[in-house]
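In what follows, a single structure is set out as structure tokens and then discussed.
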Amino acid sequence: MANLKDIADAAGVSITTVSNVIHGNYRRVSEKKVEEIKQLIARFGYVPNQAAQTLARRGSRVVAVIAGGNENENIFLNPYNAAYFGALAMHLYQNNYYPLVRVSSDVRTIEQDIRGWNVAGVMFNGLFMRSLNQIHSLSCLPAIFTDGYCDLPEINQVRIDDEAGGRLAADYLTEMGHRRIGFIGTALKESGAEQARLNGFCGSLTAHVTALAENGIFPAWTPERISSLLLSAQRPTAFFCSSDLAAVRMIQLLHSLGLRVPDDVSLMGFDDLPIAALSSPRLSTIAQNIDEKARLAVEMLIRHINNRMLPPEQIVLGVQLVRRDSVRQLSE
């Protein structure tokens, strides 16, 4: 692979001159020589060493993206993670930054990584409140938190209004005549976002003089326990699932038990991922704008990279109800 010296020798100039041309500094180089060097760069197929450039300017175009989870688990099998981190990478690339993804929920490991990497800033996603409090005290880099709930006013945070999403789901199901309703979570005990969705859901049910079905709250995906309730006389007529993925799993489980959606049980999801519109039946859900959340998080981080003196920012994005085919109207 060609380097700066190869090009400099071929052009009969110094390495500094070649470097100036690469970076668009033509003030001390003739137009003829600039064109010759550009042609040599193309002919040699020279690719600048990004790591060396980073060290030379004592800066970085790398952003550490810390995802909460098990480092031995492929988090991108979850369609939400694939959608969000894909959008995050795209918006970082568009701003000439590059993501370095680390999956971990271990504070000590995260601390070591942040200190060891030469990064411009850090984006934390899906970490739990305890971790947020600990990690914030460890990092002196510009940092943005998304999909987490933290009571620290000094952090930069972008999230959605999960509680409002729960209220929208409850309002819709009660409007459709449902009075015996269940809730399916995925990591309720650990996720502030899921807990907020459930809080909003229960608050709205109370306002409608409706309660969750007895034994109808499932904090995590436990198909055996859920099946037991579905086959009982107290089966809920509807379930609100904390994610579209959980709702699609419920569709499969119901089908395996000989139950139909929405004829026997209605379902609602959360996120409005592509699988919601592709499932059968098409899934009614609470939509969040994942691309906008990623874009705003990247723009916020870049602002704080460029100006360390900016005050903390917190953005809360709204959500919307999407009516499709998985909820049926019950007669009063």
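The values are calculated or read from the model by the stated rules, or taken from the named source; none is laboratory data. Just so you know, these numbers come straight off a predicted model, no measurement behind them. Heads up, the Cβs are rebuilt from the backbone with ideal geometry, glycines too, and the neighbour counts pull from every protein chain shown.
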Positions within segment 288-325 being within 19 Å of Gly126 (Cβ to Cβ) and among the small types (Gly, Ala, Ser), in sequence order
Ala294, Ala297
Look at segment 73-115 and say how many of its residues are polar (S, T, N, Q) and part of a helix (DSSP H, G or I).
4
Of the conditions (1) among the polar types (S, T, N, Q); (2) farther than 21 Å from Gln157 by Cα; (3) touching a Lys or Arg at 6+ places or on another chain (Cβ under 9 Å), Gln252 clears all except one; give me its number.
(3)
Within the set of pairs 6 or more residues apart or between chains, which connect a residue that is within 21 Å of Ala164 (Cα to Cα) inside segment 288-317 to a residue that is acidic (Asp, Glu) and part of a loop (DSSP other than H, G, I, E, B) with Cβ atoms less than 6 Å apart?
Val316/Asp161
For segment 223-232, how many residues are within 23 Å of Leu77 (Cβ to Cβ) and either buried (at least 17 other Cβ atoms within 10 Å of the Cβ) or not assigned by TED's automatic domain parsing to the domain that holds Arg179 (or both)?
1
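So that you can scan it fast, the table gives a plain yes or no per residue for (1) over 18 Å from Ser191 (Cβ atoms); (2) free of Cβ contacts under 8 Å to residues at least 12 places away in the same chain; (3) surrounded by 20 or more Cβ atoms within 10 Å (Cβ to Cβ); (4) of a type outside the set (Phe, Trp, Tyr):
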site	(1), (2), (3), (4)
Phe218	no, no, yes, no
Trp221	no, no, no, no
Gln234	yes, no, no, yes
Ala246	no, no, yes, yes
Asp263	yes, no, no, yes
Ser266	yes, no, yes, yes
Gly269	no, no, yes, yes
Look through Val322, Val265 and report the one residue that is outside the structural domain of Leu230 (by TED's automatic domain parsing) and touching a Ser or Thr at 6+ places or on another chain (Cβ under 7 Å).
Val322
Taking the conditions exactly as written (part of a loop (DSSP other than H, G, I, E, B) and modelled with pLDDT under 90), does Ser131 satisfy them or not?
no
Among the residues of segment 284-303, is there at least one that is more than 30 Å from Cys150 (Cβ to Cβ) and in the same structural domain as Ile184 (by TED's automatic domain parsing)?
yes
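Matching residues to (1) assigned by TED's automatic domain parsing to the domain that holds Met300; (2) assigned to a loop (DSSP other than H, G, I, E, B); (3) closer than 23 Å to Ile305 by Cα:
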site	(1), (2), (3)
Cys140	yes, yes, yes
Cys150	yes, yes, yes
Glu154	yes, yes, yes
His178	no, yes, no
Phe183	no, no, no
